[in-house]
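Beneath this line is the structure, given in C-alpha cells, with notes to follow.
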Amino acid sequence: MDITPDLLFPHFTAASRDEVLEKLGQAVTDRGLALDTYVQALKDREAEYPTGLAISGGVAIPHTSAEYVTGNTIAVATLTSPVTFQAMGDPDTAVEVSTVVMLVFADSSQHLPLLSKIVKSLQDQSFVDAMHEAGGTEELSVVLAGRLGD
C-alpha cells in the first residue's frame, strides 16, 4: 500500500462529514484511484453503514466496495475541529470525529487485514496524537508509514 502525500490532509478544516468525504474522495478520484461515482458511493455507504468510532478522540474509517476503486491506498485527514459521524453498528448514536482514515482498496482480500491494522493503530492514543501533531503532509506520511506501512 502506498501512502501518498497528496492524499493526506493534516489540520483540515471541514464543516461536515460530507465535506470530509468529498475532499478525500475527490482527491482519490483525481489521482485516478477511483471511479467518478466514488464520492457518491462513499456518502451512500456511510449513510447505510456508518464508520464512526468513539476511540482516540473520535475516528472514522469510511470506505466503499471495491467496485468503485481502481487502486490500493489510504487517504487521511486530521481535523482542526471535530465533525459528526454516526457510530459504527449504532447509526442512532453520533460520534464527534477528529481523525478520518479512508480505505481505498480494489483488492478486497486486503480490506479486512488493513482495517484490523488501522483500528488497532487508532486505539493507540500516542499514534493518533502524532498524526495530529504532524506539521505537514510529509511528516504525516512518515508517521503513517511507521505504523501502517508494509
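Dipole size in debye (nearest 20) for the chain around its Cα centre, Lys and Arg Cβ +1, Asp and Glu Cβ -1?
On the way: 8 positive and 21 negative charges, 41 e Å.
Around 200 debye, computed over the chain.
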**Message:** Under a crude label model (7 Å from the Cα following the beta-carbon direction), how far is ASP44 from VAL142 in nanometres?
**Reply:** 4.2
**Message:** Can you give me the % of accessible surface on the range 1-140 that is carbon or sulfur? Probe 1.4 Å, all protein chains present, nothing else counted.
**Reply:** 48
**Shape parameters for the range 38-99, alpha-carbon atoms, Rg then Dmax in Å** = 11.8, 32
**Prompt:** For ASP30, ASP92, ASP44, ASP124, what's the largest-to-smallest order of accessible area, 1.4 Å probe?
**Reply:** ASP92, ASP30, ASP44, ASP124
**Asked** What is the Cα coordinate range of the chain on the first, second and third principal axes, sorted by size from largest, in whole angstrom?
**Response** 35, 34, 27
**Message:** Can you say what percent of the DSSP beta bridges in the chain, counting only those with both residues inside, are antiparallel? Round to 5.
**Reply:** 70
**Message:** Which order do the peptides 93-104, 8-19 come out in when sorted by mean C-beta neighbours inside 10 angstrom, highest first?
**Reply:** 93-104, 8-19
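Dividing the convex hull volume of the Cα atoms of the range 69-129 by its residue count, what figure in Å³ per residue is obtained? Could the numbers behind the result be given before it?
Values: hull volume 6.3 nm³, N = 61.
About 103 Å³ per residue, rounded to a whole number.
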**Request:** Just tell me which aspartates and glutamates come within less than 12 Å, Cα to Cα, of LYS43; anything on the same chain fewer than 8 places away is out.
**Result:** ASP18, GLU19, GLU22
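The values are calculated or read from the model by the stated rules, or taken from the named source; none is laboratory data. Treat the numbers as computed from the prediction; the structure is a model and nothing was measured. We place every Cβ from the backbone using ideal geometry, glycine too, and count neighbours over all the protein chains shown. Please note that ligands, DNA and RNA were not included when accessible areas were found on the heavy atoms of the full protein model with its side chains. Shrake-Rupley method; radii C 1.70, N 1.55, O 1.52, S 1.80 Å.
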